[in-house]
Structure formats: C-alpha cells, structure tokens
1. If you go through the range 290-301 one residue at a time, do you hit one that is more than 16 Å from the ligand (Cβ to nearest atom), closer than 21 Å to ALA172 by Cβ, touching a His at 6+ places or on another chain (Cβ under 7 Å) and open to solvent by less than 70 Å² (accessible area, probe 1.4 Å)?
2. With the structure loaded, tell me whether LYS201 is within 16 Å of the ligand (Cβ to nearest atom) and charged (D, E, K, R) or whether it fails that test.
3. If you take the residues of the range 61-82 that are away from the ligand (no atom under 13 Å from the Cβ) and more than 22 Å from HIS231 (Cα to Cα), which of them is most open to solvent (accessible area, probe 1.4 Å)?
4. May I ask you to list the residues in the range 181-196 that are touching a Gly at 6+ places or on another chain (Cβ under 8 Å) and not aliphatic (A, V, I, L, M)?
5. Within the range 208-252, can you find the residues that are touching a residue at least 60 places away in the same chain (Cβ under 8 Å) and more than 24 Å from the chain's Cα centre (by Cα)?
6. Among the listed residues ASN24, ASN58, which satisfies the condition of being modelled with pLDDT under 95, away from the ligand (no atom under 15 Å from the Cβ) and over 23 Å from VAL119 (Cβ atoms)?
7. Which condition does ILE281 not pass, out of (1) under 18 Å from SER14 (Cβ atoms); (2) at pLDDT below 95, if it passes all the others?
8. Output yes when any residue across the range 45-54 is in a loop (DSSP other than H, G, I, E, B), of a type in the set (Gly, Ala, Ser) and within 25 Å of LYS107 (Cβ to Cβ), and no when none is.
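The values are calculated or read from the model by the stated rules, or taken from the named source; none is laboratory data. Since this is a predicted model, take the numbers as computed values, not measurements. Here the Cβ positions follow ideal geometry from the backbone for every residue, glycine too, while neighbour counts run over all protein chains shown. Only protein heavy atoms, including side chains, enter the accessible area calculation; ligands, DNA and RNA are left aside. Shrake-Rupley method; radii C 1.70, N 1.55, O 1.52, S 1.80 Å.
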Amino acid sequence: MRIFITGGAGYIGSHVVKELLKKNHQIFVYDNLSSGHRQAVLGGFFIKGDLEDKNKLNQVFKRYKPKVIIHLASFIEAEESMKKPEKYFKNNVLNGINLLEAMIKNKIKYIIFSSSAAVYQPQKFPLKEDSPLKPFNVYGQTKYLFEKLLEYFDKNYGLKFISLRYFNAAGADLSGLIGEDHRPETHLIPNILKVALSQKKYLEIYGNDYPTKDGTCIRDYIHVSDLANAHILALKFLLKNKKSKIYNLGSEKGFSVKEVLEMARKITSKKIPAKIKPRRIGDPPILIASSNKIKKELGWQPKYSDLETIIKTAWQFYQNYPKGFDR
Ligand code: UFG
C-alpha cells in the first residue's frame, strides 16, 4: 500500500517507517529535516518538504497517490510551547490544516495522527480515552485542536482517522540503528544517558516538590517500537472498518524521574550525578495511561515497554551513536 508519512525522519516517525517497511508497504517520507535526520530513514522514498508548502503537498499527492497519511510532523516540547505559543499553533494546527485540505482535494480518506497524553486534564489516573480533556500546556492544546479538526473533517468530508495518544515515547529500535536524537535534547532518558557518556556533568532534575511519592514527576514510558507497532494495527483496522477511533498508548505504569535515574545507573554501571533544579513550566506532575481500549479492540500488546528494556535499548543506541546521527 502507498503510505505517506509526515515527520518520518523524526524519532517516532523513523521507527514507524521501519515497521512499515517490514510489511512491504510503499513508503513516502515527507519531512523538512528541521529536527529529523535523513540517516534515520531506513528505506522508502524521501521527499524534503514542509507542511507550510500547500503547492508541494498537492503536487506530491497527485504524483504519488498515497492511500493513507500517517501524520507525525509537529513541534513537541511542552516548555517551549509555553514560551512560543504562536510557533506551536502555526506548525501543529495551521500547517496541519494544509495537510487535511490537500487530502480532501486529492481524495485521500485515511489518516493516522500522532496525538499525545498532553490532551488530558492530568488529574485522575489511569487516564482513559473518555477522561476529561483539558491540556496542561500549549503543545497539548495544539494536539487537542487537531483532534477536533479531524472530527469535523470526518463529519463534513467523510475523512476517517485514528488518533494515537502517545504517553512518553522512549527507548530505541533493537537493531541499535535508530533512536532518539533531538537537538537540543530536552527528554529525560537521553539526558540521563548523556551524563553517563560524560557529555554532561550532571542531570538536572526539574523539581522535587511535586505531589508524588519522591517529589519528582511521574511519567508512563512506552517503548518506541511498541508505539510503531500500534501504527500497523491502526492501519489495518482503519482500512478494514473505515471508522474513526482514538486510542491511548502507554505502558500503564508510572515511574518518577528518580526511579528512571536509578534504573539508568544500574544498567550503565555509571554514577550519573544529578542536581535538583526548579520546576520546568508546562510539566504536569503525573501522567499514566490506561491502554485497555487498544489492547481490547486492536489486540495491541507492548513487548518492550518495561523500564529496563527501554533504557537498555536507548543505551545501546547511544553506544553506537554517542554524538547522534551524522556525526
Ligand atoms: N526531566 C528532568 N530533567 C531533564 C529532562 C526531563 O527532570 O533533563 C523531567 C521532566 O521535568 C518530566 C520528566 O522528566 O517530569 C519527563 O520529561 P520529558 O521531557 O522526557 O518528557 P515530557 O513528559 O515532558 O514530554 C512528553 C513528550 C513530549 C511532549 C510532552 C507533552 O516526550 O514530546 O510529553 O506533555 F511534548
């Protein structure tokens, strides 16, 4: 099948591409490489392009006639989104509308969207798909708005979507060929491992006064390959049933920043010093998923999402690429 992936050179996107290639799909990766890496795209046809460029989107849809769009391209940093909301609304919502309009114009009916745990009001756990939605940060608001747009495009134009609400994507492909490489890196596990590699002096722990067991934030870490696999199941379901759906993707377990750090110390056998710093704006204290719905309806089962495998696979990737891709 002809599948078009925005953000396919990014961290999650490159893992999704790898899964799709295993299933012999014909892949078209559309990425402006603003944060993705050409080297992370292990196959398929690469198109350097921006979602801002409506003409290019129309041209490539006309030319390559994809049946399904997997839309991962977006800005992803909660803290930055609080400081530069316009940047986030523009890229994650306005440019996303360009994509949806080009889909309608070219009669493309199916889309899988990478949404986020950040759409929820982070109050009562585990979070289910029908838990109250009240994004804690601008990033979450943009994901929430795009889900709303998808609902209207379904109602008005018959577009069918699956929105996957990722919790904290982490780890790396078991091959060690692809993994997480953000610049600057803001995510917890890569930052911990950079200290283990002596590229940073210490880990900054953003706040130890949260209402949690040890005062640090709790997150639900889900292995990126398990996330990628969920896209394969979503694709099958969407084409067979032609129904729009929303699913959470999390491991259903919460770990504090300190617990993640402890596990990384054990796996790397490094000391990994840490210092307590002020809270980071836009960080909710706790996020934990219920993934029951996707398990029940699509038969999804995470295979690699225990914290040990997550950190081991990430560590393996950094051993292969201590300075990241292309270096
Ligand atoms: N943290 C630290 N030190 C670091 C990095 C992170 O203490 O150097 C803490 C954060 O404060 C947070 C936890 O570790 O409590 C996890 O932080 P990440 O940045 O790894 O992940 P987030 O939960 O902030 O981010 C996730 C996704 C983002 C998305 C966000 C939306 O990874 O892409 O959810 O809520 F924007």
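1. No, because not a single residue in the range 290-301 is more than 16 Å from the ligand (Cβ to nearest atom), closer than 21 Å to ALA172 by Cβ, touching a His at 6+ places or on another chain (Cβ under 7 Å) and open to solvent by less than 70 Å² (accessible area, probe 1.4 Å).
2. yes
3. Of everything passing the filter in the range 61-82, ARG63 is most open to solvent (accessible area, probe 1.4 Å).
4. ASP181, ARG183
5. If the condition is that a residue be touching a residue at least 60 places away in the same chain (Cβ under 8 Å) and more than 24 Å from the chain's Cα centre (by Cα), then ASN208, ASP209, TYR210, PRO211, THR212 are the ones that fit.
6. ASN24
7. Condition (1) is where ILE281 drops out.
8. yes
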